[in-house]
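Working notes for the structure below.
The values are calculated or read from the model by the stated rules, or taken from the named source; none is laboratory data. These numbers come from a predicted model, not from an experiment. A quick note on method: Cβ atoms are made from the backbone with ideal geometry, for glycine too, and the neighbour counts reach across all protein chains shown. Quick note on the areas: whole protein, heavy atoms, side chains included, nothing else; ligands and nucleic acids left out. Shrake-Rupley method; radii C 1.70, N 1.55, O 1.52, S 1.80 Å.
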Amino acid sequence: MNEPEPIPDHMRDLIDDYLHGLLDEVGMDELAEGLRADSSAREFFVRYARLHTDLHIEMRARDAGERVLNHIDQIAKPLPGLPSSPASLAWFTSRRGLAWKVLALAASLLLVLTAAWWLVDVVPFGVQPRNPQAIAWLVNAQNCLWSDGEPAGNMQGGKVLTIEQGLAEIRFLSGAIVVLEGPASLELVSAGSARLLRGRLTARVPEIAHGFQIFSPRGRIVDLGTEFGIAVAADGTTDVYVFRGKVEAHPTKGDSPGQPVNLQEKQAASIGDAGVSLKEAQPQASQFVREITLPPIQTERKFVLDFQAPVQGTLHDAAGFGTGLTHRLPGTGRDLQAHDSNLRLDTKKGLLELTTTNSDINNQYQLHHGEYVGIQLSDLGFTGTEDFEVTVTIPEIPALEVYGQFGLFAGTSSDHNIRGGMLNSRRTETGLNTQFLVNNGDGLDSDLCKVGLLSPGADLRLTLRRIGGKYSLTVENLTTGSASTLTIRHPDFLDDERDLFVGLFGANAQSQIRKTLVFKAFSVVVRGRSAALSVGQGRALTP
Amino acid sequence: MSIAFEKHEMAEDAVQQWRADFAGYLRESQSRLYGYIHSLVRDVNDADDLFQQTTLILWKKFGDFDRHRCFFPWACGIARLEVANFLRSRGRQRLYFSDDLNLLLVEAQTSMSNDEVEDRRDALARCVEKLRERDRDLLSECYKEVEGIHEAAQRRCRSPQSIHNSLRRIRRSLFECIARNLAQEARARKRP
């Protein structure tokens with residue numbers, strides 16, 4: 001019925017390559033020619049492209065579904081002490097058709113909550129989806145007077161920021177940073193664009209965010225790798241000044257876009273009714289505020305453990321020595337002994353050994369014996385807004401089994417955290433250790449980021465950081481001298497949380513083979529911007 | 001843009017009606033519109049962004065929309081400009097179809113009904129089930145994450161090109177399987 005006529009193999013190949021971004025200009029021309037000439041080729045093209053789209057949706061749904069099923073499995077596990085009830089699990093295995101429907105429903109729910117929230121609702125209706133994706137963050141504000149109250153840290157598309165006075169710094173998901181100077185009004189359009197309704201701003205656009213755009217009533221400015229300032233007057237006339245790099249200024253006349261003009265470093269232009277006109281540059285530069293200068297960092301509280309002496313009043317190892325670590329991540333380790341047989345402090349060598357247990361933060365699996373040990377940040381004067389960094393050295397990393405993992409965490413509880421380090425996400429092979437970073441906002445892992453392969457036996461130094469409110473994980477390979485950093489979709493559920501715990505962990509998540517990890521030189525730094533961290537607060541933590 | 005401001009002056013219930021109308025049109029077209037954008041940019045994350053951006057613009061320009069005409073081609077026209085701007089700003093305009101060809105492609109998109117899109121997706125789910133486990137795993141790895149193909153290649157010690165070749169084979173077999181499924185259903189419907 002709807003099937004298009006068969007088309008030549010060569011055209012099919014071109015379409016396949018096109019969908020995977022493998023076509024060069026010559027191939028592109030050839031494909032365009034073929035499509036233009038033949039309506040059945042176009043019919044085929046749209047359906048084949050649809051398959052490509054559906055595959056993305058289907059595979060993401062399956063992935064999400066698998067995680068949900070694990071979660072349900074976990075919930076369905078009998079409580080200790082009660083007779084086991086295999087009936088609940090049999091329901092899943094014997095009635096596959098039904099189970100699949102439930103799963104598909106659950107998966108689609110999860111999908112809606114994560115990747116494709118737009119499928120159910122769109123922003124303009126004022127009906128906020130349950131977990132809309134933030135496209136920008138307010139990272140800094142100085143003397144700001146907001147017209148509609150200070151916005152939340154995370155902001156979605158369609159949000160209009162209006163300040164009467166002061167400066168606000170906004171970081172977009174794409175990486176671009178905008179400093180808005182009041183009085184001004186800015187509408188956030190997408191992760192890579194915004195609309196300046198009135199007032200002034202400067203935009204700093206790192207390489208990763210090239211193509212960032214600012215719309216104005218008279219046109220738009222497209223970044224080509226740069227820092228630029230833009231001002232919109234009451235009548236909509238738009239002035240642009242390029243500090244570094246270059247931009248493209250597009251005038252809009254009515255609804256028809258006019259001829260774009262390229263602006264180079266230190267050039268200024270005005271976009272008005274008559275299109276784009278170049279201006280004398282020099283007097284323009286000083287009118288823009290390019291960054292918010294902060295008071296110098298005044299406080300830095302540091303916690304260091306070299307494991308060279310036991311510390312009284314801290315978590316005990318198997319022999320009863322105080323490890324120096326003071327807290328477990330809430331929700332973990334409930335059933336572990338006071339003398340934890342999985343921990344061994346070796347003061348001669350200055351190290352802490354941790355033997356992993358069969359448990360997993362993802363799905364909250366058997367966390368009653370999960371090993372997540374560290375400190376509470378409030379002991380370092382942390383009040384919820386400061387930046388911090390946690391570092392540990394791990395010599396001779398083991399070859400991890402299936403979903404074996406270790407590293408650093410930060411969070412308020414086992415189902416509210418971010419963690420990263422090394423992971424083997426292969427189902428069958430041992431020792432394929434990959435650097436990872438993952439959010440866990442509701443007991444399930446989300447936004448998993450992975451990179452690279454690190455050989456077993458290497459010495460690593462891991463650092464989990466929060467800078468300007470954003471998290472990242474750096475792994476330095478001390479054996480080879482290389483390093484790489486992972487960033488992740490911002491875990492907004494941790495914003496402004498005061499009761500954060502940070503520390504180290506290890507788990508043999510989906511195998512029974514336990515590994516013993518060695519941790520050395522654990523340290524935590526909390527950095528305050530002002531007098532928020534008063535000296536004398538907290539405890540003397542350095543052993 | 002002027003429309004957005006005019007809306008502020010509209011009575012509250014008129015705005016509600018306006019929104020409801022727009023929601024109706026958008027729900028009817030969003031899946032196909034997303035597919036259209038994805039077919040032009042081919043990266044799901046870019047498609048997500050552009051879809052969002054496009055829907056915001058559609059909302060703002062909704063006053064220009066002639067209700068005697070079809071919404072989907074109108075929406076595609078606006079999406080087309082957004083995609084063109086986006087690709088140009090990324091220096092990728094050479095990998096974009098010219099406007100005349102784009103219009104032909106919108107026409108081809110329009111020939112695919114919502115029902116057909118749904119039937120295709122249902123059939124796809126069934127066809128994926130029939131794949132060999134190996135092939136299903138590969139699809140899953142390559143499609144669920146952006147860097148999937150490179151990671152899949154690395155894990156298998158194969159070149160990205162050879163992964164592309166496998167994907168091409170799997171996609172074609174799925175496409176044919178979907179065609180067979182749809183033909184069977186069509187025959188079943190014709191029977192008394």
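Odds and ends about this structure:
So that you can scan it fast, the table gives a plain yes or no per residue for (1) small (G, A, S); (2) out of contact with any Phe, Trp or Tyr (no Cβ under 9 Å at 6 or more places or on another chain); (3) modelled with pLDDT of 90 or more; (4) outside any strand (DSSP E or B):
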site: A:N363; (1), (2), (3), (4): no, yes, no, yes
site: A:P398; (1), (2), (3), (4): no, no, no, yes
site: A:F406; (1), (2), (3), (4): no, no, yes, no
site: A:S446; (1), (2), (3), (4): yes, yes, no, no
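- Strands (runs of 3 or more DSSP E) contained in the stretch A:195-275 and holding at least 1 residues surrounded by fewer than 19 Cβ atoms within 10 Å (Cβ to Cβ): A:219-232, A:238-253, A:261-263, A:268-272
- Test: A:K470 is under 22 Å from A:A399 (Cβ atoms) and surrounded by 15 or more Cβ atoms within 10 Å (Cβ to Cβ): no
- When each of A:R301, A:R334 is tested for being farther than 15 Å from A:F519 by Cα and surrounded by 20 or more Cβ atoms within 10 Å (Cβ to Cβ), the lone residue that passes is A:R301.
For (1) touching a helix residue (DSSP H, G or I) at 6+ places or on another chain (Cβ under 9 Å); (2) not aliphatic (A, V, I, L, M), each residue gets a yes or a no:
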residue	(1), (2)
A:L336	yes, no
A:D340	no, yes
A:S359	yes, yes
A:N363	yes, yes
A:L367	no, no
A:Q376	no, yes
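- Scanning the stretch A:289-309 for residues that are at pLDDT 90 or above and not hydrophobic (A, V, I, L, M, F, W, C) gives A:D306, A:Q308.
- Filter result for B:Q161 (farther than 21 Å from A:F44 by Cα and either of a type in the set (A, V, I, L, M, F, W, C) or assigned to a helix (DSSP H, G or I) (or both)): yes
- In the stretch A:138-155 there is no residue that is within 22 Å of B:L58 (Cβ to Cβ), at pLDDT 80 or above and not hydrophobic (A, V, I, L, M, F, W, C).
- As a summary of the residue check, A:Q284 satisfies the conditions (1) in contact with a Leu (Cβ under 6 Å, 6 or more places away or on another chain); (2) open to solvent by less than 30 Å² (accessible area, probe 1.4 Å); (3) at pLDDT below 90 except for the one numbered (1).
- Identity of the residue in the stretch B:94-144, among the β-branched types (V, I, T) and within 16 Å of the chain's Cα centre (by Cα), that ends up nearest to the other protein chains (Cβ to nearest Cβ): B:V117
- Listed by first and then second residue, the pairs linking a residue in the stretch A:11-32 that is facing chain B (nearest Cβ under 8 Å) to a residue that is among the hydrophobic types (A, V, I, L, M, F, W, C) and open to solvent by less than 10 Å² (accessible area, probe 1.4 Å), with Cβ atoms under 8 Å apart and 6 or more places separating them unless they lie on different chains, are A:R12/A:F44; A:Y18/A:M28; A:Y18/A:L31; A:L19/A:A49; A:H20/B:L167; A:L23/A:L31; A:A32/B:F97; A:A32/B:L101.
Conditions (1) of a type outside the set (A, V, I, L, M); (2) open to solvent by less than 30 Å² (accessible area, probe 1.4 Å); (3) under 25 Å from the mean Cα position of the chain (by Cα), marked per residue:
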{"site": "A:D360", "(1), (2), (3)": "yes, yes, yes"}
{"site": "A:H369", "(1), (2), (3)": "yes, no, no"}
{"site": "A:L377", "(1), (2), (3)": "no, yes, yes"}
{"site": "A:G384", "(1), (2), (3)": "yes, yes, yes"}
{"site": "A:F388", "(1), (2), (3)": "yes, yes, yes"}
{"site": "A:T391", "(1), (2), (3)": "yes, yes, yes"}
{"site": "A:P398", "(1), (2), (3)": "yes, yes, no"}
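- Subset of the stretch A:433-483 (residues that are small (G, A, S), closer than 23 Å to A:E401 by Cβ and without any contact (Cβ under 8 Å) to a residue 60 or more places away in the chain): A:G452, A:S455
- Of the residues making up the stretch B:72-113, those that are farther than 24 Å from A:F215 by Cβ and either in contact (Cβ under 8 Å) with a residue 40 or more places away in the chain or in contact with a strand residue (DSSP E or B) (Cβ under 7 Å, 6 or more places away or on another chain) (or both) number 7.
- The stretch B:159-172, subset more than 9 Å from chain A (Cβ to nearest Cβ) and surrounded by fewer than 14 Cβ atoms within 10 Å (Cβ to Cβ), residue modelled with the lowest pLDDT: B:S159
- From the list A:T463, A:T412, A:T434, A:T430, the lone residue that is assigned to a strand (DSSP E or B) and within 14 Å of chain B (Cβ to nearest Cβ) is A:T434.
- Test: A:D492 is under 27 Å from the mean Cα position of the chain (by Cα), open to solvent by 50 Å² or more (accessible area, probe 1.4 Å) and modelled with pLDDT of 85 or more: yes
- Some residue of the stretch B:34-49 being farther than 29 Å from A:L35 by Cα and of a type in the set (D, E): no
- Of all residues in the stretch A:448-462 being among the charged types (D, E, K, R) and surrounded by 17 or more Cβ atoms within 10 Å (Cβ to Cβ), the one that is modelled with the highest pLDDT: A:R461
- For the stretch B:61-69, the condition of being farther than 16 Å from B:Q109 by Cα, facing chain A (nearest Cβ under 10 Å) and open to solvent by 20 Å² or more (accessible area, probe 1.4 Å) holds for at least one residue.
- Selection within the stretch B:27-59 - facing another protein chain (nearest Cβ under 7 Å) and more than 10 Å from the chain's Cα centre (by Cα): B:D49, B:Q52, B:Q53, B:T55, B:L56, B:W59
Per-residue answers, yes or no, for (1) open to solvent by less than 10 Å² (accessible area, probe 1.4 Å); (2) in a loop (DSSP other than H, G, I, E, B):
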residue	(1), (2)
A:I7	no, yes
A:H10	no, no
A:L14	no, no
A:A32	no, no
A:F44	yes, no
A:A49	yes, no
A:H52	yes, no
A:E58	no, no
A:R62	no, no
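- B:M1 satisfies every condition listed in (1) crowded, with 17+ Cβ neighbours inside 10 Å; (2) within 9 Å of chain A (Cβ to nearest Cβ); (3) at pLDDT below 85 except (1).
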